[in-house]
Amino acid sequence: MRGFRTFLPTVLLFLILNGLFLSLQKIWVGWGFSMQVLVIGNLFLFGLSLVSLLLHQRALGSASSQVFVRYFYISLLVKLVLVAVVALIYVKVASGVNRISVIGCMLIYLIYTFIELGILLKAGKQKNA
């Protein structure tokens, strides 16, 4: 699990989502989404996914499987706490909360998580082979 190829699915997802958000902006706004929330949320989740993948890379280099499991749970908890904190900050700071955009960001979080798990499962198979 080394090199840019590891991060390629995450980077592609980030670019595709931002491209869809910006190119179809009028449609998204017509449906009630806030472009600022979606783009900033996507950027934040992309950064979290990259940091999480870096932690997983470090853990896969270890000889002990316990280290990998520990890093996996640390990464999961840190991501959940940071997403919750950012959501609470948004609720406190924003004059009007755009719920549909927050739900959209939660769906984006799930997509990033599934891609990250796919990368980890592939890396685990390659390491065991």
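The values are calculated or read from the model by the stated rules, or taken from the named source; none is laboratory data. What you see is a predicted model, and the numbers here were worked out from it, not measured in a lab. Virtual Cβ from ideal backbone geometry, glycine too; neighbours counted across all protein chains shown.
Is it fair to say Leu38 is at pLDDT 85 or above, touching a Ser or Thr at 6+ places or on another chain (Cβ under 8 Å) and either in a loop (DSSP other than H, G, I, E, B) or at negative phi (or both)? For Leu38, the condition - at pLDDT 85 or above, touching a Ser or Thr at 6+ places or on another chain (Cβ under 8 Å) and either in a loop (DSSP other than H, G, I, E, B) or at negative phi (or both) - is met.
State the number of residues belonging to region 81-105 that are surrounded by 13 or more Cβ atoms within 10 Å (Cβ to Cβ), within 16 Å of Phe44 (Cα to Cα) and not polar (S, T, N, Q).
Restricting attention to region 81-105, the residues satisfying the condition of being surrounded by 13 or more Cβ atoms within 10 Å (Cβ to Cβ) are 82-83, 86-87, 90, 94, 97-98, 100-102, 104-105.
Filter again for within 16 Å of Phe44 (Cα to Cα), leaving 82-83, 86-87, 90, 101-102, 104-105.
If we keep only those that are not polar (S, T, N, Q) as well, we get 82-83, 86-87, 90, 102, 104-105.
Qualifying residue count for the region: 8.
Among the residues of region 1-33, the ones that are over 16 Å from Leu50 (Cα atoms), in a loop (DSSP other than H, G, I, E, B) and under 21 Å from the mean Cα position of the chain (by Cα) come to 1 in all. For beta carbons closer than 8 Å, sequence separation of 6+ or different chains, a first residue in region 75-96 that is free of Cβ contacts under 8 Å to residues at least 24 places away in the same chain and on the phi < 0 side of the Ramachandran plot and a second that is loosely packed, with under 10 Cβ neighbours inside 10 Å and part of a helix (DSSP H, G or I), there are no qualifying pairs.
Suppose we keep only residues that are polar (S, T, N, Q) and surrounded by 12 or more Cβ atoms within 10 Å (Cβ to Cβ) within region 8-25. Which one would you say is farthest from Ile119 (Cα to Cα)? Steps first, please.
Initial filter on region 8-25 (polar (S, T, N, Q)): 10, 18, 23, 25.
If we keep only those that are surrounded by 12 or more Cβ atoms within 10 Å (Cβ to Cβ) too, we end up with 10, 18, 25.
Values: Thr10: 9, Asn18: 21, Gln25: 30 Å.
Ranking the qualifying residues of region 8-25, first place goes to Gln25.
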